[in-house]
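Written below as structure tokens is the structure these notes are about.
We did not get these values from a lab; they are worked out from the coordinates using the rules stated. Since this is a predicted model, take the numbers as computed values, not measurements. Glycine also receives a Cβ, built like all others from the backbone with ideal geometry; neighbour counts cover every protein chain displayed.
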Amino acid sequence: MQITLNGERFELERPMTMLDLLARLDIDPRRVAIEHNLEIIRRRTFESAVVQEGDRVEIVNAVGGG
Amino acid sequence: MDTPFVIAGRTFRSRLIVGTGKYSSHTVMRQAHEASGADMVTVAVRRVNISDRSRESLLDYIDEKRIFLLPNTAGCYTADEAIRTAKLGREAGLGDWVKLEEIGDERTLFPDNEALIEATRALVKDGFVVLPYTNDDPIACRKLEEAGASAVMPLGAPIGSGLGIQNANNIRIIREFSKVPVIVDAGVGTASDAALAMELGADGVLMNTAIAGAGQPVQMAESMRHAVIAGRLAYLSGRIPRKMYATASSPVEGMVGR
């Protein structure tokens, strides 16, 4: 199945929770925020929110800036 | 005697706030932060790099026990975009303070006052401590304060320009108008620019490129630390008035042979 991840097409083998998606991407869940289909999801729901076919996911973190 | 530097009830040791962008490495950034003495640094909120996970996290190089994080909304052009970015930053664990940027023009990166005031109001309502980056316009600053801003951050000159304080008198007027702290944000090129900002009465100075882009960033960070302290002390000391002609410093009586 395909999702849009940070603006790019991304292939996933099956629907999975946000926490599983982060693990698959090797991203530390403590340092990111996630937007799921344009809604910011709370950290405590990373375990229950499920990424489905066609979903739009944005994962952001802190980077250098002024 | 100086009063403490307090924003929204939080006291900072240093009146210098520095950025985390444009450094040649995270290590140089950390050394520059140490040399600057700053206890607040700005960060941007951006998409995680999915394809290259090898890069270390910026936050691994910031001692959050000692340094307070101020996420920004850099690059946002509308109130909605900035509000979205601020909320993402908060959810990413960066806290509920935000350096609010609303860019109105790509070439100058000058702020869009209207969007800035709108976003300030909305974010304050949502519980954020909002520090808007604004034009050096006393009226805009007054409106931002009325909208609930916890400080106003007028620019000295365009971001990254290094031109120094372009409208010194406006900074002075803004200081006089404002009940919240005034932080000169952007435009500093070298130490004297930072000192001047403080001499004009600014409560703090925020800079990124002046340090990160310097030939020797760590040394420049140290010079900025001294400049901000020197400028602040000079402001508090009451400078002498400017006069057209000389006034001798040594006694005019008792000259030998007269």
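Laid out as a table, the results:
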{"read-out": "Antiparallel content of DSSP bridges confined to region B:13-237, in %, to 5", "value": "5 percent"}
{"read-out": "Other-chain or far-sequence residues with amide H under 5 Å of B:LEU100's (modelled H)", "value": "B:LEU131, B:TYR133"}
{"read-out": "Karplus 3J(HN,Hα) series, Hz, for region A:7-16 with 6.51 cos²θ - 1.76 cosθ + 1.60 (x for Gly, Pro)", "value": "x, 10, 5, 9, 8, 10, 6, 7, x, 8"}
{"read-out": "Relative packing of A:13-21, B:214-222, which averages over residues the other C-beta atoms within 10 Å, highest first", "value": "B:214-222, A:13-21"}
{"read-out": "FRET efficiency for B:LEU236 and B:ASN169, using Cβ-Cβ distance with R0 set to 22 Å, rounded to 0.05", "value": "0.65"}
{"read-out": "Dipole axis of chain A (+1 Lys, Arg; -1 Asp, Glu on Cβ), positive-most option in A:ALA33, A:GLN2, A:VAL51", "value": "A:ALA33"}
{"read-out": "Whole-Hz couplings from phi, Karplus 6.51/-1.76/1.60, listed for region B:207-214; x for Gly and Pro", "value": "8, 10, 4, 4, 8, 4, x, 5"}
{"read-out": "Cut-off under 5 Å, modelled amide H: who pairs with A:THR17 long-range", "value": "A:VAL51"}
{"read-out": "In order through region B:226-243: 3J(HN,Hα) via Karplus (6.51 cos²θ - 1.76 cosθ + 1.60), integer Hz, x for Gly, Pro", "value": "5, 4, 5, 5, 4, x, 5, 4, 5, 4, 6, 7, x, 5, 6, x, 7, 10"}
{"read-out": "Mean separation of Cα contacts under 8 Å (6+ apart) over length of chain A, as relative contact order %", "value": "44 percent"}
{"read-out": "Descending semi-axes in whole angstrom, ellipsoid equivalent of region B:72-155, from the Cα gyration tensor", "value": "18, 15, 10"}
{"read-out": "Cα centre as origin, Lys/Arg/Asp/Glu Cβ charges: region B:5-88 dipole, Debye", "value": "80 debye"}
{"read-out": "Relative contact order of chain B, pairs being alpha-carbon contacts under 8 Å that are 6 or more residues apart, as %", "value": "18 percent"}
{"read-out": "Scaled radius of gyration (Cα, divided by 2.2 N^0.38 Å) that region B:1-129 gives", "value": "1.12"}
{"read-out": "Computed helical MRE - 222 nm, chain A, DSSP H runs ≥ 4 contributing -39500 (n - 2.57), nearest 500", "value": "-2500 deg cm²/dmol"}
{"read-out": "Convex hull volume per residue for region B:1-40, taking Cα atoms only, in Å³", "value": "68 Å³"}
{"read-out": "Hydrodynamic radius by Kirkwood, which averages 1/r over all alpha carbon pairs of the protein assembly as shown, in angstrom", "value": "21.1 Å"}
{"read-out": "Region B:76-117: proportion of alpha-carbon pairs further apart than 14 angstrom, %", "value": "46 percent"}
{"read-out": "Dmax and Rg, reported as Rg then Dmax, of chain B (C-alpha, Å)", "value": "19.9, 85"}
{"read-out": "Point-charge dipole on Cβ atoms (K/R +1, D/E -1) for region A:2-60, about Cα centre, debye to 20", "value": "280 debye"}
{"read-out": "Trypsin sites (Lys or Arg not before Pro) restricted to region B:1-84 and DSSP loop, no more than 16 other C-beta within 10 Å", "value": "B:ARG13, B:LYS22, B:ARG53, B:ARG55, B:LYS65, B:ARG66"}
{"read-out": "Loop GluC sites (Glu not before Pro), region B:8-75 (other Cβ atoms within 10 Å of the site Cβ: 12 or fewer; DSSP)", "value": "B:GLU56, B:GLU64"}
{"read-out": "Inter-centroid distance (Cα atoms) of region B:149-168 relative to region A:1-56, Å", "value": "39 Å"}
{"read-out": "Dimensionless Rg over Rh [chain A; C-alpha; Kirkwood]", "value": "0.95"}
{"read-out": "Nonlocal Lys pairs with alpha-carbon distance under 27 Å, the protein assembly as shown (8 or more apart, or different chains)", "value": "15"}
{"read-out": "Surface/4 estimate of mean projected area, convex hull on alpha-carbon atoms of region B:208-258, nm²", "value": "7.3 nm²"}
